[in-house]
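The values are calculated or read from the model by the stated rules, or taken from the named source; none is laboratory data. Computed from a predicted model, the values in this text were never measured in an experiment. Cβ coordinates were reconstructed from backbone atoms using ideal geometry, including for glycine residues, and neighbour counts include every protein chain displayed. SASA here: full protein model, heavy atoms, side chains in, ligands and nucleic acids out. Shrake-Rupley method; radii C 1.70, N 1.55, O 1.52, S 1.80 Å.
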Amino acid sequence: MNTVTRTSQPHVRWLTLGGTIITQLALGSVYTWSLFNGQLSQKLDAPIGQVALAFGLLSLALAIASSLAGKLQERFGVRNVAMAAGVLMAIGFWLTAHANNLFMLYISAGVIVGLADGAGYLMTLSNCVKWFPERKGLISACAIGSYGLGSLLFKFILGALLSHFTLEQTFMLWGGITMVMIITGALLMKDAPLQQTRAGQTSGTRDYTLAQAVKLPQYWMLALMFLTACMSGLYVIGVAKDIGQGLVHLSAGVAANAVTVIAIANLSGRLVLGILSDKLPRIRVISLAQVVSLVGMSILLFTPMNESSFFMALACVAFSFGGTITVFPSLISDFFGLNNLTKNYGLLYLGFGIGSVLGSLVASLFSGFTITFSLIMTLLVISLFLSLSIRLPQRHAATEQLIPHA
């Protein structure tokens, strides 16, 4: 097999980066979902809580599709899978526009849109990171930052569409816009070549297949760290307004400012920790993120909160969450190599889906924030211990994987 080196086509990797950013902007639009809960609740004559469950299903489907994306890329290539994801997303939104009951909403907006989003998100991110092995942190920050910016960009686009069109027309236009963006981005992408060492040289690169990686304790240590980060970030972000009103007794208007604080802190975490991860050992950057999150959770649990400390706590948790999900793809490649990154990170990314429902599940079982905060705090302390004690796998276990056969 003739492998093209990344340096032989320098323009290709920059085009791939551009295409990935365009695609991620479109995929990130799903995080504007809360804009539609009220109108869908009226249309379907269902409680907002039941309508909002569609987004929980979307997060779960996204994580499942992300875990399978590596197989799809292997068989069909990044361009074809991304284009199919764009078409599937448009179909999902078209069906959402015509959904007239909760079950149809769950299938269309939850399962179909979630699968489309997940199929495109992790695969295009991992592929882009492989093109820039010397700048993994920065490239992750660009791609995942674009995903976060997508929700901000589409908040204004969809808000404008809703003011001029019906709910149904807005969903169909949303699907059309994202499909065009994703297909345009996909056409600029190319599959990254295998990362190789030169014959006769040694390298620190470790390439583990997924089957090899899951047999190592390091894989499950990293999985617990990732699950904890996702659970703390997604739960606190999801109920931020309720915490503000219930625990801090803020007015609904002031508590709603939590959305802005979270968006700014989340994006800051992605950029700051992403760039920092190219200058420091990435596992130390994760330790730093865990300490920041612990500060935020400590404020929520142990201090009599006011408006300032409430927003400070949210900022800490959102900063840590944004930074962690940015650094983790590159961290996984540090431990298990770049060549199988999509598969190795894909399985671990199920923690995002599990984390998205676990916090809410614990809160509903124990009726309140305190038990959930205490569980998250405990998991964060365990995760910090793991990040400080974890070591790279021994190189000999993967020596045969270092130089792919020509």
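Want the number for Q218 to R284: 0.36 nm per residue separation, take away the alpha-carbon distance, what's left? Display every interim value, and only then the final one.
Values: separation 66, 0.36 × 66 = 23.76 nm, distance 1.51 nm.
Going from the current span to full extension adds 22.2 nm.
So how do F93, F55 rank on accessible area, 1.4 Å probe, biggest first, that is with the largest at the start? Walk me through the numbers before you get to the answer.
Values: F93 0, F55 55 Å².
Result of the area sort, largest leading: F55, F93.
Here the simple spin-label model places points 7 Å from the Cα toward Cβ, and for A211 and L187 these points are separated by 4.0 nm.
Taking 0.36 nm per residue of separation and subtracting the Cα-Cα distance, full extension of the segment from S163 to F302 would add 45.7 nm. On full extension, the segment bounded by F103 and I382 gains 96.5 nm, given 0.36 nm per residue less the C-alpha separation.
Quantify, in whole percent, the carbon and sulfur part of the accessible surface of segment 131-260 (1.4 Å probe; protein heavy atoms only). If you can, show how the numbers build up before the last one.
On the way: 3710 of 5670 Å².
Carbon-and-sulfur percentage of accessible area, whole number: 65.
Solvent exposure of segment 282-363 amounts to 28 Å² per residue of accessible area, where only protein heavy atoms count and the probe is 1.4 Å.
Per-residue surface analysis assigns W33 an accessible area of about 10 Å², computed on protein heavy atoms at 1.4 Å probe radius.
Split the accessible area of segment 279-406 by element, probe 1.4 Å, and carbon with sulfur accounts for 69%. As a fraction of the 1.4 Å probe accessible area of segment 1-112, surface on carbon and sulfur atoms comes out at 66 percent. Solvent-accessible surface (1.4 Å probe) assigned to E307 amounts to roughly 90 Å². For K279, a cut-off of 13 angstrom between C-alpha atoms picks up these aspartates and glutamates, skipping any fewer than 8 places away in its own chain: E134. In this view, the solvent-accessible surface of V291, computed with a 1.4 Å probe and all protein chains in place, comes to about 70 Å². Accessible area per residue for segment 57-203 is 41 Å², calculated with a 1.4 Å probe on protein heavy atoms, without ligands, DNA or RNA. Each of the peptides 57-68, 208-219 was scored by the mean count of other Cβ atoms within 10 Å over its residues; in descending order, highest first, they stand as 57-68, 208-219. State the Cα centre-to-centre distance between segment 172-186 and segment 363-394 in whole Å. Cα centroid of segment 172-186 versus Cα centroid of segment 363-394: 38 Å apart.
How high is the relative contact order of the chain? Use alpha-carbon pairs under 8 Å, at least six apart in sequence, and give a whole percent.
On the way: 660 pairs, mean separation 104.9, N = 406.
Averaging sequence separation for qualifying contacts and normalising by length gives 26 percent for the chain.
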